[in-house]
Amino acid sequence: MTRGKLMGNTIRIEMATVDQLDELLAVFLSAFKDEATTAAWLDLASEKLRRTYGTLVTTKFKLYLEAGNPIFVAIDNKAILGLIILKLHHVKTSKIKAVKFITPNLPRLMVLIPHFIRGVRMGMADATRLPENLPRNHDVLEAIAVHPEHQGKKIGRKLLDHAHDYLHDNSSPGIYLMTGEEKNRQIYERFGYMLMEERDTQNFKSYHLYLSLTTR
């Protein structure tokens, strides 16, 4: 299920590898440039901030892949068109490895601290806080990104279907996600996600959704 699954005519869904980090980052930044939650605290139109945020995202990709959290990619003719990132409840990130990956980039990442603090003051922490009534042992859909040039081709649907199948096959009870955009909430609800909580915290709008996988 995790490698070489043919989806449609030419698009395959595969497990990402560390040698694809640059391509993963390019797709992620292109897709999230105007995403509501990110844009509220960080201007990715700034080349300096974009590069620095890219360092942070790449570090997270490395940690996830090292720990065993799956990142699936949609590939067509060797080009990565989209990706989906899952955080599994039973996978724990080593603090030692986190320090190892982050320390070399720490001086560069310091640039983001004032922006992060501004985001917290604007209500980001409250907006992104997990709902209290989440079922135990849930898994998390951390992010899904499709390159803007390939949106509207059902690539996101293929990535979601693959992620749901993967989690179901691995006995996941359900998957949680948060989005800051109404249009995304509507899309996820069409996939069966139920709205658990909606928050309007100062400059942040957030929708918290959950999909049970026990009845699939």
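Any read-out appearing in this document is the output of simple, stated calculations on the displayed coordinates, not a laboratory observation. None of these values were measured; they are calculated from a predicted model. Here the Cβ is made from the backbone with ideal geometry for all residues, glycine too, and neighbour counts use every protein chain on show.
In deg cm²/dmol, rounded to 500, what helix-only [θ] at 222 nm does the chain give when every DSSP H run of at least 4 residues adds -39500 (n - 2.57) and the total is split over its residues?
Working: 9 runs with 89 residues, N = 216.
Helix contribution divided over all residues of the chain: -12000 deg cm²/dmol.
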Under 28 Å between C-alpha atoms, the lysine pairs in segment 78-216 lying 8 or more places apart or on different chains count 21
Toy charge model, Lys and Arg Cβ at +1, Asp and Glu Cβ at -1: segment 58-123 dipole around Cα centroid in debye, rounded to 20, equals 300
Most exposed to least, judged by fewest other Cβ atoms within 10 Å, TYR64, TYR193 sort to TYR64, TYR193
Segment 1-135, Kirkwood Rh and Cα Rg, ratio Rg/Rh at 0.98
Length gained if ALA125 through LYS33 is fully extended, taking 0.36 nm per residue and subtracting the Cα-Cα distance, is 31.1 nm
With the dipole of segment 5-212 defined by +1 on each Lys or Arg Cβ and -1 on each Asp or Glu Cβ, the option from ALA36, PRO104, ILE71 whose Cα lies farthest towards the positive pole is PRO104
Dividing the mean separation of Cα pairs under 8 Å (6+ apart) by the residue count of the chain yields a relative contact order in percent of 23
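If you filter segment 131-162 for trypsin sites (Lys or Arg not before Pro), then keep DSSP loop positions with at most 11 other Cβ within 10 Å, what is left? Don't skip to the end; give the middle numbers.
Values: sites: ARG136, LYS153, LYS154, ARG157, LYS158; in loops: ARG136, LYS153, LYS154.
Listed in order of number, the matching sites are ARG136.
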For the pair ASP165 and ASP19, the simple spin-label estimate (label points 7 Å beyond Cα toward Cβ) gives in nm 2.5
Given a Förster distance of 45 Å, the FRET efficiency implied by the Cβ-Cβ spacing of THR93 and THR10, rounded to the nearest 0.05, works out to 0.85
Assertion target for THR179, THR128, ordered by fewest C-beta neighbours within 10 angstrom first, is THR128, THR179
In whole Hz, the Karplus estimates of ³J(HN,Hα) for segment 114-128 (6.51, -1.76, 1.60; θ = phi - 60°; x where Gly or Pro) are x, 5, 5, 4, 4, x, 4, 5, 7, x, 4, 4, 5, 5, 9
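Would you mind ranking MET110, MET196, MET178 by Cβ crowding within 10 Å, fewest neighbours first? Intermediate results must be reported in sequence, preceding the final value.
Details: MET110 10, MET196 17, MET178 22.
In order of increasing Cβ crowding within 10 Å: MET110, MET196, MET178.
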With +1 on the Cβ of every Lys and Arg and -1 on the Cβ of every Asp and Glu, the dipole magnitude of the chain about its Cα centre, in debye rounded to the nearest 20, is 460
